[in-house]
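Shown next, in structure tokens, is the structure this report addresses.
The values are calculated or read from the model by the stated rules, or taken from the named source; none is laboratory data. Model, not experiment: these values are computed from the prediction. With ideal geometry, Cβ positions are generated from the backbone for all residues, glycine too; neighbour counts draw on all protein chains shown.
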Amino acid sequence: MPSLPILELGKLIDHALLHPTLTDAELRDGCQQALLYQVASVCIKPYAVVLASELLAHSDVRVGTVIGFPHGGQATSLKVAETLQACRDGAVEIDMVVNIGKVLSEDWDYVANEIQLIYDACESEGALLKVIFETDFLPNDRLKIKLCQVCTDIGVAFVKTSTGFGFVKGPDGMYDYKGATEHDLRLMLDHVGPGVRVKASGGIRTLNELLVVKEMGVARVGTSSTAVILNEAYRRSGMTPPTAITNTTIESTGY
């Protein structure tokens, strides 16, 4: 059985620690997992940036956080202030949610201005920006393509599919969620310009799913299933994983 490039796979992952019920103990455990598996970053809630920065100091695991999470409806001035605070607390990667209602209204001046202001805040603090589309809420490809064009014009680092919490209520009253579909990932890869990368978030929970999006050209994957994915990579390579899966609450969030 051929060995998998486990360290390379780890550096594809933003380890998501975003569940609403996440405790301080689970945050510490999640940061320890991030260190053990040598992922690219942790993606955490803004209040936790200070603690995560302390836990991950002197490592190459980056601290990322979310802005306007999960539905993007905050005033632009608040999103900018939240971005600056997060960066000054130690975040070096910012995942912002677009104002979804403004995207659906096709108020592109508003959408572009907000992304630009948050991009400028990131630039001033030396952080990179990822823009979350929340693709489950966007009913046609035209809106996603336009967002790719806006983000390319501004020069953000990444466009990103989903928050992991974009549940859509159907006619039967039941909630459905797709997350990072192959269709949306291919669409985004095809319509961003040079220098803008694509992050798949939502529903990537297995090694096979990670390998599929990696082969497509996706540069980052947001997932809470890091241990499941990378333990399987170790197993397929005939190696012993660095640790057992310890936190089933985090692993079952669906992100």
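When segment 118-151 is examined, which residues are found to be among the basic types (K, R) and either surrounded by 24 or more Cβ atoms within 10 Å (Cβ to Cβ) or modelled with pLDDT under 95 (or both)? It would help to see each step written out before you state the result.
Going residue by residue through segment 118-151, those that are among the basic types (K, R) are 130, 142, 144, 146.
Of everything in segment 118-151, just one residue is among the basic types (K, R) and either surrounded by 24 or more Cβ atoms within 10 Å (Cβ to Cβ) or modelled with pLDDT under 95 (or both), namely K130.
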Looking at segment 123-164 only, could you name the residues that are of a type in the set (K, R) and under 14 Å from the mean Cα position of the chain (by Cα)? K130, K160
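In segment 37-47, which residue that is buried (at least 17 other Cβ atoms within 10 Å of the Cβ) and outside any loop (DSSP other than H, G, I, E, B) is farthest from the chain's Cα centre (by Cα)? Step through it out loud before you land on a result.
The initial filter retains those residues of segment 37-47 that are buried (at least 17 other Cβ atoms within 10 Å of the Cβ), namely 37-46.
Next cut, outside any loop (DSSP other than H, G, I, E, B) only: 37, 41-44, 46.
Details: Y37: 17, S41: 10, V42: 9, C43: 7, I44: 10, P46: 14 Å.
The extreme case among them is Y37.
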Does segment 70-86 include one or more residues that are of a type outside the set (V, I, T), within 21 Å of A219 (Cβ to Cβ) and in contact with a Lys or Arg (Cβ under 9 Å, 6 or more places away or on another chain)? no
Matching option when the condition is in contact with a strand residue (DSSP E or B) (Cβ under 9 Å, 6 or more places away or on another chain), of a type in the set (G, A, S), modelled with pLDDT of 95 or more and at positive phi, among G217, G222: G217
Taking segment 62-96 only, how many residues are part of a loop (DSSP other than H, G, I, E, B) and under 27 Å from F167 (Cβ atoms)? 9
If you check A52, A34, which single one turns out to be touching a helix residue (DSSP H, G or I) at 6+ places or on another chain (Cβ under 8 Å), surrounded by 23 or more Cβ atoms within 10 Å (Cβ to Cβ) and either farther than 21 Å from I229 by Cα or aromatic (F, W, Y) (or both)? A52
For segment 1-27, give me each residue that is surrounded by 15 or more Cβ atoms within 10 Å (Cβ to Cβ), modelled with pLDDT of 95 or more and part of a helix (DSSP H, G or I). L9, G10, E26, L27
Within segment 70-86, which residues are under 17 Å from the mean Cα position of the chain (by Cα) and surrounded by fewer than 21 Cβ atoms within 10 Å (Cβ to Cβ)? P70, H71
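Assess whether V150 counts as being under 27 Å from K214 (Cα atoms) and out of contact with any strand residue (DSSP E or B) (no Cβ under 6 Å at 6 or more places or on another chain). Break it down into steps so the answer makes sense when it comes.
Details: under 27 Å from K214 (Cα atoms): yes; out of contact with any strand residue (DSSP E or B) (no Cβ under 6 Å at 6 or more places or on another chain): yes.
Here the answer is yes, as V150 does meet what is asked.
Got a sec? Which of R186, R142, R236 is over 24 Å from V92 (Cα atoms), touching a residue at least 60 places away in the same chain (Cβ under 8 Å) and either in contact with a helix residue (DSSP H, G or I) (Cβ under 9 Å, 6 or more places away or on another chain) or charged (D, E, K, R) (or both)? Even if it seems obvious, please write down each step before you answer.
On the way: R186 fails: touching a residue at least 60 places away in the same chain (Cβ under 8 Å); R142 fails: touching a residue at least 60 places away in the same chain (Cβ under 8 Å).
Residue meeting the stated conditions: R236.
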Segment 152-200 - residue that is more than 18 Å from A219 (Cβ to Cβ) and among the charged types (D, E, K, R) and, of those, modelled with the highest pLDDT: D153
Which residue pairs have Cβ atoms closer than 7 Å, lie 6 or more positions apart in sequence or on different chains, and pair a first residue in segment 22-33 that is touching a residue at least 60 places away in the same chain (Cβ under 8 Å) with a second residue that is part of a helix (DSSP H, G or I) and crowded, with 16+ Cβ neighbours inside 10 Å? E26/I250; G30/I250; Q33/T226; Q33/A227
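Among the residues in segment 48-58, are any of a type outside the set (G, A, S), outside any helix (DSSP H, G or I) and more than 13 Å from the chain's Cα centre (by Cα)? Please lay out each step first, then the result.
Start the filter on segment 48-58 by keeping residues that are of a type outside the set (G, A, S), which leaves 49-51, 54-56, 58.
Next, only the ones that are outside any helix (DSSP H, G or I) stay: 56, 58.
Still in the running and more than 13 Å from the chain's Cα centre (by Cα): 56, 58.
For segment 48-58, residues of a type outside the set (G, A, S), outside any helix (DSSP H, G or I) and more than 13 Å from the chain's Cα centre (by Cα): present.
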Positions within segment 68-109 being in contact with a Leu (Cβ under 9 Å, 6 or more places away or on another chain) and free of Cβ contacts under 8 Å to residues at least 24 places away in the same chain, in sequence order: S77
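Where in segment 97-216 are there strands (runs of 3 or more DSSP E), lying wholly inside it, with at least 1 residues that are touching a Phe, Trp or Tyr at 6+ places or on another chain (Cβ under 6 Å), within 18 Å of T83 (Cβ to Cβ) and not basic (K, R)?
Details: elements: 128-132, 158-160, 197-201.
By residue number, 128-132.
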